[in-house]
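Enquirer: Pasting in a structure now, in structure tokens, and then I'll have a few things to ask.
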Amino acid sequence: MASQPRSKYPKSNIPKLRKGAEKSGSGQSGLVLCNGCQAVYFKKHWHHDLLKLNLSESASLEKNSDKKVKFALCPACQMIKNRQFEGEVIIKNVPEKLKEEVMRFVRGFCLRAYQRDPMDRLIDIKVFGKDIAVTVTENELASKLGRKMKNLFNNTKVKISFDHKPSNAARVVVEFLSNK
Ligand SMILES: [Zn+2]
């Protein structure tokens, strides 16, 4: 029944990568295509692939089409490649019968976030005995996930903290309280 030591979970230096993606050298005019996930950067934001743009996005793309196109990794793909993360959610003491449901919820929650914003992504989900460790690309995504779980699953508590600058990574612990 020993709880998992923190060191078992992935830990690394985490640069603060915000949505503007200025740090990836893409804060310039023109287009950047991610060769990891097909996200496309223009108008200061990363969008889903070119085929999924809405009308005003397409129009804006049209205007930019004379500018040169660069290929690079988007911040989310870069983070995953470097084995970094910006949000960590440790779900502790998960009852065996709820494990599948928790995993399904986490995956679904992150998928919906990704559909809204291609930089919001589930990086990894791992089971360590009774605990589940989740890493994601955005600290806000991690804290939202923690709060949502607290509301959704009975008898849980959540603790959210943030690393100091420069990482600002979110550390979220959701704990299932035992009924014993
Ligand atoms: Zn990408």
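Please treat every number below as a calculation from the coordinates, not as lab data. Being a predicted model, the structure only gives us computed values, none of them experimental. As a convention, Cβ positions derive from the backbone with ideal geometry for all residues, glycine included, and neighbour counts pool all protein chains shown.
Enquirer: HN-Hα J couplings of segment 128-134 from phi, Karplus 6.51/-1.76/1.60, θ = phi - 60°, integer Hz, Gly and Pro as x?
Expert: Running phi through 6.51 cos²θ - 1.76 cosθ + 1.60 with θ = phi - 60° gives 10, x, 8, 9, 10, 10, 10 Hz.
Enquirer: Moving to a separate point now. Between HIS45 and LEU177, what FRET efficiency comes out of the Förster formula 1/(1 + (r/R0)^6) with R0 = 35 Å and r the beta carbon distance, rounded to 0.05?
Expert: Result of the calculation: an efficiency of 0.30.
Enquirer: Starting from the Cα of ASP163, step 7 Å along the direction of its Cβ; do the same at GLU100; then give the gap between the two resulting points in nm.
Expert: 3.5 nm
Enquirer: For SER58, put the label point 7 Å out on the Cα→Cβ axis and report which residues of segment 111-154 keep their amide N under 17 Å from it.
Expert: The answer is none.
Enquirer: Against the 2.2 N^0.38 Å scaling, with N counting residues, where does segment 101-180 land? I'd like the Cα-based Rg ratio to two decimal places. Numbers along the way, then the final one.
Expert: Working: Rg = 12.7 Å, N = 80, 2.2 N^0.38 = 11.6 Å.
Cα Rg divided by the expected 2.2 N^0.38 Å: 1.10.
Enquirer: Compute the length gained on full extension between ASN82 and VAL127: take 0.36 nm times their separation in residues and subtract their Cα-Cα distance, giving the result in nm to one decimal.
Expert: Roughly 14.1 nm would be gained on extension.
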